[in-house]
Amino acid sequence: MSKVTVNTMLNEREFSLETGRFAKLADGAVMVRHGDTMVLVTVCANAEPKTDIDFLPMTIEYREKMSAAGKIPGGFFKREGKPSDKEILSARLIDRPIRPMFEKGWYNETQIVASVYSADSDIDPDVMGTTGASAALMLGGFPFEGPVSEVKIAKIADTYIVNPTYSQLAESELEITVAGTDDSLVMVEGVSKEISEDTFLEAIAFAHDQIRVLNQLQRDLVAQAGTKPKKEIKATEVDSELFAAISDACREPIKKQIRTTSTKEIRKEQFKEIRTATIEKINQQFAVREEFAGVNLESIVKKVVSSIEKEEMREMILQDGIRLDGRSTTQVRPITIETAVLPRPHGSALFTRGETQSLTTITLGTKTDEQMIDGLMPTFDRRFMLHYNFPPFSVGEAGRMTGTSRREVGHGNLAERALQYFIPDATEFPYTIRVLSDILESNGSSSMATVCAGSLAMMDAGVPIKKAVSGIAMGLIKEGDRVAILSDILGDEDHLGDMDFKVAGSKDGITACQMDMKIQGLSFETMKTALLQAKEGRMHILNEMNKALDTHRPELSPYAPSLTTIMIPVEYIGAVIGSGGENIRAMTKETNTEISIEDDGKVVIAAMSKESADEVVRRIKLITTPPTEGTIYLATVKEVREGLGAIVEFLPKTKGLLHLSQIQWEPYENVGDVLKVGEKVEVKLVEIQSDGKFRLSRKILFPKPEGYVEPERRPRPPQGDRNDRNDRNDRRPYDNRRGR
């Protein structure tokens with residue numbers, strides 16, 4: 001295949017698709033370019049299908065080469081390793097719109113790899129992979145009902161922007177990623193600053209227009225480059241007599257079961273009993289027949305029974321408006337909320353909605369707890385993090401608990417984006433905040449439970465978040481022209497339904513959303529209806545949350561670090577830190593605190609007690625305040641000079657003489673008997689002399705002994721007069737030390 005390139009303009013930059021030059025041995029390969037950002041997307045599939053599965057065995061890998069941005073990876077190995085959270089989230093942006101576009105029955109193992117080889121400092125490559133994957137699949141002759149394209153939308157003032165630059169995103173009130181065909185929407189994901197439903201729909205409509213442009217670009221590429229031979233689906237039909245027998249055996253019990261209100265565990269057990277009874281009956285009828293010898297009847301029965309369960313559940317919802325747990329299509333499950341459920345975490349909340357439960361905790365940390373993010377863009381720090389865990393016991397199963405799954409990364413990111421707009425600025429609340437959601441029970445929409453529990457837990461921790469945030473998951477059942485939109489979906493409704501549409505926000509607007517389709521697209525009107533129904537459910541949940549806790553607690557947990565912020569002159573930053581950090585290390589060690597100093601002179605002190613913080617503030621103020629007569633300092637003895645006194649450092653790099661007459665009231669033989677090098681003593685700055693020297697006193701800090709008589713002091717000789725004998729005697733020990 002010769003090189004073919006097609007292009008258009010997006011956001012005043014050229015957007016192009018190229019094939020025939022890179023990775024020619026792959027089934028399909030497309031280089032997507034926008035500005036100077038380039039992503040190579042390849043598709044490969046095994047020739048034979050897997051025979052023991054009934055799902056699409058597809059994996060998506062997205063990798064950012066650090067060389068794309070002219071950077072060398074950090075760490076010891078200096079090479080890319082496991083995918084970062086950003087790479088996992090970008091891979092999910094490809095997977096979710098591409099997967100539902102495959103024809104049913106494609107069970108060949110398929111892999112899509114998107115590799116970023118050039119990274120423009122203005123353009124994020126994350127949404128380019130889906131368009132490239134769709135084009136590569138069509139070029140490879142896959143049973144793929146594309147094209148499908150993906151764009152990112154921003155809004156600045158009243159103007160919508162497609163595939164915005166990083167600087168444009170920083171100014172935007174929304175960031176929404178949309179994927180779709182010419183006629184329908186396949187995926188939506190985004191974050192926004194409390195936008196209205198109307199603004200959300202406007203952004204989606206604008207995105208859909210841009211999607212059609214990229215879909216046509218893909219068609220142009222395929223028309224010029226041609227496609228490989230069509231890959232056929234090797235479908236296996238169930239024998240009609242066998243299918244009818246299975247249906248007769250299980251349909252009526254299934255109809256009866258789904259119309260009986262029950263819990264998830266009871267339904268699971270009842271369906272298991274129906275399948276077992278059906279398998280026994282079918283074995284009696286067909287296992288003895290020669291034409292079914294060697295046929296795995298049990299596997300066929302399970303598949304057919306599952307399909308009938310899906311069919312009957314959907315029909316019940318569409319015809320009767322009744323769901324598996326007896327609710328109407330708009331009803332939200334019962335909600336219970338508890339806060340302050342754990343004594344030691346800095347904040348906690350237990351949010352239960354039906355059979356979905358999140359136990360969420362808050363940890364408040366310091367500047368040193370921020371997470372450094374190193375990727376294609378310049379390194380930056382995160383002070384707000386949300387982590388989501390989905391252990392196998394939450395669905396009543398035993399399973400391996402290894403690393404964080406891609407699903408956990410994706411659900412945690414959605415909840416984090418829903419809450420992040422309301423996190424107070426560091427100048428108002430200088431803590432690093434970690435939200436940890438552990439899903440203890442799961443039967444639908446655990447990510448939205450995390451949003452609710454996270455909002456409540458932060459209020460419980462005393463985080464002054466601006467508003468409460470709730471979330472709800474919407475479902476869809478669609479058969480022809482019949483449509484039912486479901487509020488607060490169950491796990492079974494998610495599995496057997498056609499849509500999972502999550503919407504989160506405050507009482508004043510949407511802050512995050514995520515929509516995944518299992519059928520090929522969603523009309524604009526259906527999305528509008530779902531969005532308005534989601535708003536009603538979200539408001540209901542917010543009202544329940546406000547009954548439990550409607551504002552943040554006035555005080556932080558006694559186990560949270562106390563942060564004290566002061567400002568110091570920029571020119572004193574070095575003095576506070578000290579040579580090689582000796583001053584700040586000593587302060588943190590001796591006061592058991594953490595101290596961070598920023599370039600503008602802001603000092604944040606984290607301490608577990610007010611006394612420790614006050615001590616650090618005192619020491620820093622001493623360092624940053626010029627020597628002042630009458631001030632008491634904690635000085636360090638640097639030298640002991642017999643016959644003269646001691647040289648002490650009472651401020652960093654500032655020394656003075658503690659004369660032997662000012663050490664103590666009581667008589668003593670030698671200075672070394674009273675003071676030792678390295679000892680810390682309190683002294684008072686008595687006088688700053690005209691020559692800039694400092695006269696210090698220790699004894700003045702102690703009460704004068706009763707009956708004490710001050711020895712007569714001889715007048716100080718004129719400056720430079722070395723003929724006075726007493727003056728020479730005073731200097732003798734110092735001169736002798738120098739060998740004079």
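Bear in mind that the values in this text are calculations on the coordinates, not laboratory data. Note that this is a predicted model, so its numbers are computed, not measured. Every residue, glycine among them, receives a Cβ derived from its backbone with ideal geometry; neighbour counts consider all protein chains shown.
Numerical summary
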{"read-out": "Most positive-pole-ward Cα, Thr366, Met385, Gly707, against dipole of the chain from beta carbon charges", "value": "Gly707"}
{"read-out": "Centre separation in Å (Cα based) which lies between the range 640-682 and the range 489-539", "value": "76"}
{"read-out": "Residues whose placed amide H lies under 5 Å from that of Phe15, excluding near-sequence neighbours", "value": "Thr8, Met9, Leu10"}
{"read-out": "Cα-Cα over 32 Å, subset of Lys610/Lys653; Lys230/Lys255; Lys228/Lys478; Lys228/Lys518", "value": "Lys230/Lys255; Lys228/Lys478"}
{"read-out": "Sparse-neighbourhood loop sites, chymotrypsin sites (Phe, Trp or Tyr not before Pro) in the range 59-136 - DSSP loop, at most 15 other Cβ within 10 angstrom", "value": "Phe76, Phe77"}
{"read-out": "Cα centroid separation, the range 186-223 to the range 8-30 (Å)", "value": "20"}
{"read-out": "Folded to 0 to 90 degrees: helix 264-286 orientation relative to the chain principal axis, Cα", "value": "30"}
{"read-out": "Cα-based shape type of the chain, given that a ≥ b ≥ c are square roots of the gyration tensor eigenvalues and the cut on a/c is 1.5", "value": "prolate"}
{"read-out": "Angle between the chain longest axis and helix 582-591 axis [Cα atoms, degrees, rounded to 10]", "value": "80"}
{"read-out": "Under 17 Å from Lys65, Cα to Cα: lysines that are on another chain or at least 8 residues apart", "value": "Lys78, Lys82, Lys86"}
{"read-out": "Environment charge of Ile519, counting only residues whose C-beta is closer than 15 Å and scoring Lys/Arg +1, Asp/Glu -1", "value": "-3"}
{"read-out": "Selection of chymotrypsin sites (Phe, Trp or Tyr not before Pro), the range 516-606, meeting DSSP coil and at most 13 other Cβ within 10 Å", "value": "Tyr559"}
{"read-out": "Degrees between helix 297-320 axis and first principal axis of the chain (Cα, 0 to 90, nearest 10)", "value": "80"}
{"read-out": "Computed E for Ser405/Asp54 - FRET, C-beta separation, R0 22 angstrom, nearest 0.05", "value": "0.50"}
